[in-house]
Amino acid sequence: MAEILQYIPGDGIFHRLHPVTKILFIIIVSVVTILTSSIPLLAGLLLLIFLLAFAGHLLRPVIQQMILILLMSIVIYLITILTVQDGAVIGYLVPSFIPLIGGSIPITVGALTVGTVLTLRFAILISAFQLFVISTQPRDLVHTMERARVPVDYTLMFIIALRFIPTLQIEGKRIHEAQLARGYHPGDGFMGRIRSVAPVMVPLVSNSLSRATLLGLTIDLRGYRTRARTRLRERTFGIADKVAIPLMCLAGVAFLYGFLTSSLL
């Protein structure tokens, strides 16, 4: 599996957009996703994100992370089946042929509808944010946050958090491979996977703490808090940004108008 939230170099349409344009895209998509409960609209948004990823040559890394979304969708459906009992009963989570407990935990239309809405929301938010991160260089994001007058401490925490996720994933994979090379075999199946976590997590956490200390010293030595630094490259708004920003604003305003109108009625 590809590293999560790892910047992928490229020259696609999303790589050429200004970070402000991509942040506006994330905000509009998030607002529409949270406010609407229309399954066709949510499915259309998810399809739009996939089309944008395809146009930006980033479809494969976005699709590769769908395994996490599929696993979370199973959990979401189970929770909604257990908690939502609205609508007609179309089946039972426990089959009727099982003795004593058969025919319990009904599956209703309302539970499946709520589960589908929550799953689509989760998939849209994760895919949109991932598309933003893998197409934006961290330095461009730092410059944008600085121009937005975001406090330097918050900027630093956000960037470090983004960079630590793929770093920890790569290091965890290397530790696991090193354990296997030394002949460690926790067993097969589900219990084997659980037993294999501890030999990986202990050195991973220890190395992460050491890296955090080294990173703090490096930041102080480079005088990051002084803000006295020059930039190697300045990002400017291109033609694509000047076209995309008005279109996204119009789409956001149109959705809010329709949402408020339907709510008042």
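Values quoted throughout were computed directly from the atomic coordinates according to the rules given, and no laboratory measurement underlies them. Because the structure is predicted, anything quoted here is derived from the model rather than measured. Ideal geometry is used to build each Cβ from the backbone, glycine not excepted, and the neighbour counts take in all protein chains shown.
Can you check what the Kirkwood hydrodynamic radius comes to for the stretch 1-133, Cα pairs only, in Å to one decimal?
Evaluated on the stretch 1-133, it is 16.6 Å.
Can you match Rg/Rh (Cα atoms, Kirkwood Rh) to one of these, (i) 1.04; (ii) 0.97; (iii) 1.13, based on a calculation from the structure here?
(i)
Checking understanding here: applying a Kyte-Doolittle mean of at least 1.0 and a length along the axis of at least 30 Å (C-alpha), which whole DSSP H helices in the chain pass?
109-134, 198-221, 239-264
Would you mind checking which residues have amide H under 5 Å from I107's amide H? H placed 1.01 Å from N; only 5 or more apart, or other chain.
Distant-sequence amide H within range of I107: I90, G91, Y92, L93.
So what is the relative contact order for the stretch 17-104, in percent, with contacts set as C-alpha pairs under 8 Å and at least six apart? Write down the numbers at each step before the final one.
Details: 23 pairs, mean separation 8.9, N = 88.
With pairs under 8 Å counted, the relative contact order is 10 percent.
Given 25 °C and 0.890 mPa s, how large is the Stokes-Einstein diffusion coefficient of the stretch 5-73 in µm²/s, with Rh as the Kirkwood radius over Cα pairs?
Diffusion coefficient, whole number: 183 µm²/s.
So which chymotrypsin sites (Phe, Trp or Tyr not before Pro) in the stretch 39-119 end up in coil per DSSP with only 15 or fewer other C-beta atoms within 10 Å?
F97
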